[in-house]
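**Q** Before we start, here is the structure in question, set down as structure tokens.
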Amino acid sequence: MSAPLRYRIQAKNPEAHLYEVSITVDTPDPSGQVFELPAWIPGSYMIRDYAKHVVAIHAESDGLAVPMTKLDKSRWQAEPVDRPLKVVAEIYAYDSSVRGAHLDATHAYFNGPCVFLSVSGQEQSPCELEIVAPDPPVGKDWRVATSMRRDGADQYGFGSYRAEDYAELIDHPVEISELTIGEFDVRGIPHAIAIRGRVRVDIARLCHDLQRICEQHIDFLGAPDGLDRYLFLLHAPGTGYGGLEHRWSSSLVCSRDNLPLRADSEVSDGYRMFLGLVSHEYFHLWNVKRLKPAVFTPYDLSSESHTGLLWVFEGITSYYDDLALVRAGLIPAESYLELVGQTITRVMRGSGRHKQSVEESSFDAWTKFYKQDENAGNAIVSYYAKGSLIALALDLKIRSESSRGDTTTLDDVMKECWKRWGQSGEGMPEDGFESVCAEVTGLDLGDFFDASVRGTGELPLQKLLAKFGIDYCLRQASNAADKGGKPAEKQVGTWLGATLANNAGKSVFTAVANGGPAELAGVAPGDVAVALDGLVLTAANCAQRLKTHRDGDKLELIVFRGDELITSRIKLADAPETTCYLEFDSDADAESLARQAAWLLSD
């Protein structure tokens, strides 16, 4: 076995947001050791160039300085030495997202790709990590939360940890702060949640509900080999939402107000959203962390790795995340239908679904989905949202077209994919998912994949849902905050075909829909609203102003573009019916109700 690589990290200067990170290589490359920081982090498909945060770097051997040369944006090479080589880097950390590293006097958080240099040629060597407490008085009550295996450190303590290789080292994020910790078992496997933030939370209920979610997923696909612990790292600020999956953990962000208090008994909308986030990231234990595209086996973290399959790994995960909540008994079926209606609404409100397929969206994630601009709604479609609807449509289609008494489901397809590529560790080929669907179901699904995955047509959800006793309904939005998912008493009537938002006290057009009244009138993103029909127009009064007009009304619209005042004529139109809600059909027949129950309650 090769000598372990010895890493050390300390929150050296929290006020300046600086970590000190070192690595000692006992047997450096005799031709000159090369070190590298990743350009991206698995699960977030955008080049982030973490090396840009290296403030200073130097090398030494036996106490003597060793010259280093920077080879490109993320690689350095030390001059040859025949003794152990130590490299020390000072790294700036002020990215509070789940993809970055952050440090201040209140906490320390980091993802491995942001702070740990790889040693070229020794990526398979075992790694030792020493996490050092900051200098007093900072961090007096801090604890360490990570799923990395301890190697002498006390539980939740500073000290020594280990990883089998570099890939594992960078797949265990670390949170160091004053933490609220809850622990629970899932089918005999220790799980925990560590919360940073000023929270008042019913930790017992939280652990109970997370346990139900994790049990649901483990019972579905079986515990992955080696799963002997799992950790949810949760940052709970005033606002925020997001998550990122890891080998035996996940990093989450949600508003503290979304978490349950001891007096709460219902599942609020905010708590439901949090539970869906937990479910999503936990399902990634299987779908994308182990069952993943061939191009990710192994990861090349120096450049983009294109695949048309992200809709499988994010979209199908987005389908099962909320479905697991109803199957686990945490939310009623009506609540689940509301969530599906909201997803349909998000997809329908973007005309980009007519221009980009989910296969293209997956492939172009690096340059389009993760780099959205003001025209995103007109140009792209989310492989998360539409991908989840494709999974829904596929599941319903398979269930309804299977022979009675021998019903096949998307669950069966996922189990076979897991067995074939997840448990084996091989990557899924680009045509793998479609091939397994055909093999497991015995159905000719070529036209479905051509239309829904490679094409840009509408999904046959109305027809499919009807077979399960569910009515698919569309309406106009009731106001700018209407997310869909439920009926509305009032509707807007006319619309501008643009989004107005308050920005530093100004009402700014942030997005303009292709073919809508605003675009036809010459409005551009960034224009500042001034007046409509001679009266002041703002983000706050826009909905009320539009209620006084009808389809076809032609009005004067005044905006500022930069420092120029622009006057145009706008012809209003009826707001499109792109807001969806689903309802159980009270007249559904017995066969439809049986299908419905098998779908919503199956394991």
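**Q** Being assigned to a loop (DSSP other than H, G, I, E, B), touching a residue at least 12 places away in the same chain (Cβ under 8 Å) and surrounded by 19 or more Cβ atoms within 10 Å (Cβ to Cβ) narrows it down to one of 192, 153, so name that one. Write out each step before concluding.
**A** Working: 192 fails: assigned to a loop (DSSP other than H, G, I, E, B).
One residue alone meets the criteria, 153.
**Q** Please state which one of 163, 153, 236 is under 23 Å from the mean Cα position of the chain (by Cα) and either within 24 Å of residue 103 (Cβ to Cβ) or not assigned by TED's automatic domain parsing to the domain that holds residue 113 (or both).
**A** Working: 163 fails: under 23 Å from the mean Cα position of the chain (by Cα); 153 fails: under 23 Å from the mean Cα position of the chain (by Cα).
The conditions single out 236.
**Q** Here is a list of conditions, (1) of a type outside the set (Gly, Ala, Ser); (2) crowded, with 19+ Cβ neighbours inside 10 Å; (3) under 24 Å from residue 50 (Cβ atoms), and residue 179 meets all of them except one; can you say which number that is?
**A** All conditions pass for residue 179, except number (3).
**Q** Are there strands (runs of 3 or more DSSP E) fully within the stretch 101-141 with at least 1 residues that are of a type in the set (Val, Ile, Thr)? List them. Full working, then the answer.
**A** Details: elements: 101-104, 107-110, 127-132.
In the stretch 101-141, 127-132 are the strands (runs of 3 or more DSSP E) which contain 1 or more residues that are of a type in the set (Val, Ile, Thr).
**Q** Which of the residues belonging to the stretch 458-477 are closer than 21 Å to residue 390 by Cβ, of a type in the set (A, V, I, L, M) and buried (at least 18 other Cβ atoms within 10 Å of the Cβ)?
**A** The answer is 459, 461, 464, 465, 470.
**Q** All but one of (1) touching a strand residue (DSSP E or B) at 6+ places or on another chain (Cβ under 8 Å); (2) in a helix (DSSP H, G or I); (3) at pLDDT below 95 hold for residue 518; which doesn't?
**A** Here residue 518 clears every test but (3).
**Q** Looking only at the stretch 217-265, how many residues end up being buried (at least 23 other Cβ atoms within 10 Å of the Cβ) and assigned to a helix (DSSP H, G or I)?
**A** 1
**Q** Then there's this: Surrounded by 14 or more Cβ atoms within 10 Å (Cβ to Cβ), under 30 Å from residue 470 (Cα atoms) and among the acidic types (Asp, Glu): which single residue out of 585, 533, 589 fits that description?
**A** Details: 533 fails: under 30 Å from residue 470 (Cα atoms); 589 fails: surrounded by 14 or more Cβ atoms within 10 Å (Cβ to Cβ).
Residue meeting the stated conditions: 585.
**Q** Give, as residue ranges, the strands (runs of 3 or more DSSP E) completely inside the stretch 1-88 that count at least 3 residues that are at pLDDT below 95, assigned by TED's automatic domain parsing to the domain that holds residue 118 and more than 30 Å from residue 362 (Cβ to Cβ). Break it down into steps so the answer makes sense when it comes.
**A** Details: elements: 5-13, 18-25, 34-36, 54-61, 64-66, 68-70, 75-78.
Correct list: empty, since no element meets the threshold.
**Q** For residue 312, are the conditions met, namely being outside any loop (DSSP other than H, G, I, E, B) and either outside the structural domain of residue 424 (by TED's automatic domain parsing) or among the basic types (Lys, Arg) (or both)?
**A** Details: outside any loop (DSSP other than H, G, I, E, B): yes; either outside the structural domain of residue 424 (by TED's automatic domain parsing) or among the basic types (Lys, Arg) (or both): no.
The answer is no for residue 312.
The values are calculated or read from the model by the stated rules, or taken from the named source; none is laboratory data. All figures in this text were calculated on a predicted structure; none of them were measured in a lab. When we count neighbours, we look across all protein chains shown, and the Cβ atoms used for this are built from the backbone with ideal geometry, even at glycine.
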